[in-house]
1. If I ask for residues that are at pLDDT 80 or above and more than 30 Å from L259 (Cβ to Cβ), which ones from the range 81-131 would you list?
2. Filter the range 340-351 for residues that are touching a helix residue (DSSP H, G or I) at 6+ places or on another chain (Cβ under 8 Å), over 14 Å from H283 (Cβ atoms) and crowded, with 16+ Cβ neighbours inside 10 Å and give the result.
3. Taking the stated definitions as given, is A241 part of a helix (DSSP H, G or I) and either touching a Pro at 6+ places or on another chain (Cβ under 8 Å) or closer than 15 Å to Q349 by Cβ (or both)?
4. Which ones in the range 358-385 are farther than 13 Å from D334 by Cα and in a loop (DSSP other than H, G, I, E, B)?
5. Counting just the residues of the range 436-460 that are among the small types (G, A, S) and out of contact with any Lys or Arg (no Cβ under 9 Å at 6 or more places or on another chain), which one comes out modelled with the lowest pLDDT?
6. Test F558 against the stated conditions and say whether it is within 26 Å of L187 (Cβ to Cβ) and either at pLDDT below 90 or buried (at least 21 other Cβ atoms within 10 Å of the Cβ) (or both).
7. Being modelled with pLDDT under 95 and basic (K, R) is the filter; apply it to the range 43-73 and report the residue that is nearest to F137 (Cα to Cα).
Amino acid sequence: MATLIPDHAGLAQLTTPLTAGEAHLVAFLERDLGPEWEVYVQPFLNGTRPDVVALHPTRGALILEVKDWDLSCYGWARGEGRWQGRGSHGEASIPNPFGKVEHYRENILRFLVPEVGAMIREGGWRGLGMVRVGVYFHRATEAQVRQLTDGRVHRDVWQLGRDSLRAGVAESWVGGEGRVPAVFAPLLRAWLNPPLHALEQGAPLRLLREQERLAVPAPGFTRFHGVAGSGKSLVLASRAARVAAAGGRVLIVSFNITLWHLLRDGVRRAGGREALRNVVFNHFHGLARDLRVESGLSWQDCGGDVAVLVSRAAARLGVRYDAVLVDEAQDMEDSWGLALMGLVAPDGQFMAACDDLQNVYGRPGGWLNDSRFGRWRALKSSVRLHDRVVQLANRFATAFLPGVGLLAESSQPMLPLGVPEFQWTELTTREEAVQACVNRVRSLIHDGAQPTDIAVLLPDHALGLAFVETMEGQGVGIRVNHVFTDDQDDKRQKYAFWMGDARLKACTVHSFKGWEARHIIAVLDARGELSAPQAMLAYTAITRAQGSLTLLNLSPAFHGFGTDMKESAA
């Protein structure tokens with residue numbers, strides 16, 4: 001028999017009692033699956049609650065949505081994504097249950113478990129077999145389900161009726177033995193059933209006095225500036241953990257897809273299982289997508305406006321949070337920020353952390369002057385960067401971004417990493433820049449650096465792909481974890497990009513915001529008249545370095561700054 005989570009006593013205490021169909025399916029899976037299986041019922045999965053998730057250590061996962069519907073009351077018109085339901089109050093549009101389970105699978109493989117997302121990126125969409133999905137209709141036969149769907153559901157998605165639940169069949173609903181990497185089950189289990197103690201996940205989170213003041217939960221709307229390396233994300237993570245541990249619902253949002261991994265790690269270290277169970281992590285457009293799927297709204301219903309979608313879907317679902325925390329708030333459009341402020345429950349709290357010197361998208365930031373905010377607060381000390389990196393960044397900001405944002409007033413030398421090494425090289429062509437990146441990587445590794453400690457920051461996907469192809473094609477055995485793609489709408493690379501990967505990292509500066517690395521190699525390529533966002537990209541690249549910093553300059557506007565860089569290294 002499989003293990004139920006929660007157990008039978010816990011099932012009786014669920015906030016949303018099991019329907020007859022859910023109870024029947026759970027009992028069948030418990031009986032039909034072997035002892036290596038875990039069956040999670042209504043698990044909290046980063047803000048969503050699939051009906052049933054079954055997990056096996058080597059065969060992957062199975063996600064099933066359950067519907068106790070009389071299918072004679074439902075229709076699915078050709079060319080429509082949503083279904084139509086008929087009841088005593090007339091006809092209404094409802095979400096497509098098959099779309100919902102496919103959304104759950106996509107979230108797991110592209111967002112929640114980035115380590116496996118990287119495997120999918122490299123091995124193709126065959127990796128979707130690690131997570132099989134389906135919908136079980138308790139009051140219908142399998143034939144009746146298929147008659148309704150009429151060939152519009154992919155063959156890899158199970159269409160189950162009550163007569164589908166035959167003894168010995170459940171094992172066939174998942175992939176074959178040994179096809180799933182060993183890391184998958186523990187990583188997904190950490191979302192479905194977080195470990196009990198924060199200490200199981202690494203060192204506990206410790207804050208400095210000025211960080212602690214901001215991390216203490218308080219009702220109302222708070223905004224603060226933080227210089228690069230001041231611990232903005234750690235403040236948000238710590239506050240989130242405290243609110244969540246007290247039973248509050250928390251939403252943490254960033255614009256950057258790759259940044260949420262850092263935020264989740266901070267909450268995990270600060271609060272462990274109880275905190276993670278109450279915190280939702282997302283980037284803004286991911287939040288919109290989740291709310292759209294759960295609410296049944298379409299982009300067309302909201303005029304294609306993502307902020308309107310977030311507000312309307314949250315209102316339809318009754319979604320409110322006791323705390324909404326926004327990292328890299330300067331990256332948000334005004335309408336996005338205001339939509340997030342509207343998700344705060346009465347007597348709840350909202351916090352926005354930003355750095356004007358890293359406003360690389362050139363957002364206006366008007367929403368941060370909303371009357372609900374109190375005075376600006378600030379973190380002025382960079383505790384992550386070496387003194388010399390801070391000095392160099394301040395020189396750059398003074399030269400190219402005068403009067404913008406805060407400059408670090410104090411800093412702490414990171415002595416364990418040693419004195420940073422600076423290199424500045426003037427180049428004329430992008431081809432030279434690609435080869436210079438490759439040569440610098442090889443030099444660092446020859447001198448003892450580990451690939452996982454090196455990040456190469458490129459200005460665009462075309463140059464990024466050229467670097468990856470050259471780096472991996474020169475036969476030196478160095479593999480690259482990167483975000484680059486020919487298809488800008490394909491986000492698989494970004495979902496799969498995470499700092500725990502042992503490979504060399506390569507991405508745009510935009511994707512590396514919030515992260516840092518022991519060795520940074522960055523190509524500066526601001527064309528034409530220098531704009532503030534272009535200068536901010538270069539500033540952001542400089543402030544990612546914990547140790548060596550190599551800048552390869554193609555930008556006429558930055559000519560001569562290399563002299564300042566050499567002076568900082570002296």
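The values are calculated or read from the model by the stated rules, or taken from the named source; none is laboratory data. Remember, it's a predicted structure, so these values are computed and weren't measured experimentally. Cβ placement follows ideal geometry from the backbone for every residue including glycine, while neighbour counts extend to all protein chains displayed. Remember, those area values only see protein heavy atoms, side chains included, never the ligands or the DNA or RNA. Shrake-Rupley method; radii C 1.70, N 1.55, O 1.52, S 1.80 Å.
1. The answer is W83, Q84, G85, R86, E91, A92, S93, I94, N96, P97, F98.
2. Correct list: M341, L343, Q349, F350, M351.
3. Judged against the criteria, A241 is a match.
4. N359, V360, S371, R372, G374, R375, W376, K380, V383, R384, L385
5. Going through the qualifying residues, I end up with G448.
6. No: the conditions fail for F558.
7. R49
A quick yes/no check of all residues on (1) more than 17 Å from I108 (Cβ to Cβ); (2) touching a Leu at 6+ places or on another chain (Cβ under 7 Å); (3) open to solvent by less than 20 Å² (accessible area, probe 1.4 Å):
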position	(1), (2), (3)
H8	yes, no, no
Q13	yes, no, no
P17	yes, no, no
E22	yes, no, yes
L33	yes, no, yes
V39	no, yes, yes
T48	no, no, yes
V53	no, yes, yes
A61	no, yes, yes
